[in-house]
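Data first, discussion second: the structure below is written as structure tokens.
The values are calculated or read from the model by the stated rules, or taken from the named source; none is laboratory data. Here the structure is a predicted model, which means the values were calculated and not measured. Glycine also receives a Cβ, built like all others from the backbone with ideal geometry; neighbour counts cover every protein chain displayed. Side chains included, ligands, DNA and RNA excluded: accessible areas come from the protein's heavy atoms. Shrake-Rupley method; radii C 1.70, N 1.55, O 1.52, S 1.80 Å.
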Amino acid sequence: MRAVARAAAKAEEARAEAKRKLRRVFNLIDTGGEGGIKKREIMRALSRDAGVRDALLEASPRLAPLTKPRTMAKLFRARDAGAGGGADGKVGA
């Protein structure tokens, strides 16, 4: 049972660390400090700020495709074409 408890604690620690890293990425992109990020902010950050791209990769190497502005543009077009497309272009906190 102790091994299971240790494994659960380790998994929880890993989730908390991932959440901290993603929050850091969010805060780097949220230049307006509004608690939400707009498409424009995301695209600008990915295009112009290597620190944002590096922080995204540090959060998870699986997010590598999202460091490419062209990929993000495609994702936004797909989102906007579907039911989830918001007119304000804002992504929630």
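One table, with the values for the structure above:
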quantity	calculated
Placed amide H near residue 38: partners under 5 Å, 5+ positions off or other chain	91
Where labels lie 7 Å past Cα in the beta-carbon direction, separation of residue 57 and residue 8 in nm	3.7 nm
³J(HN,Hα) computed for each position of the stretch 18-24 - Karplus, 6.51 cos²θ - 1.76 cosθ + 1.60, integer Hz, glycine/proline x	4, 5, 4, 5, 5, 5, 4
Proximal lysines to residue 39, defined as alpha-carbon separation beneath 29 angstrom and excluding residues fewer than eight positions away on the same chain	19, 21, 68, 74, 90
Per-residue HN-Hα couplings for the stretch 2-13 [Karplus 6.51, -1.76, 1.60; θ = phi - 60°; Hz; x = Gly/Pro]	5, 5, 5, 5, 5, 5, 5, 5, 5, 5, 5, 5
Accessible surface, the chain, averaged per residue in Å² (probe 1.4 Å)	71 Å²
For the stretch 62-68, 3J(HN,Hα) per residue [Karplus equation, 6.51 cos²θ - 1.76 cosθ + 1.60, θ = phi - 60°, Hz, x = Gly/Pro]	5, 8, 3, x, 6, 7, 9
Angle between the chain longest axis and helix 50-59 axis [Cα atoms, degrees, rounded to 10]	40 degrees
Full-extension gain in nm, residue 34 to residue 67, via 0.36 nm per residue minus C-alpha separation	9.6 nm
Helix axis angle, 69-81 relative to the chain longest principal axis, alpha carbon, degrees	80 degrees
Under 19 Å from the Cα of residue 38 - aspartates and glutamates, other chains or at least 8 residues apart	30, 49, 80, 88
Accessible surface of the stretch 6-59, 1.4 Å probe, proportion on carbon and sulfur as whole %	52 percent
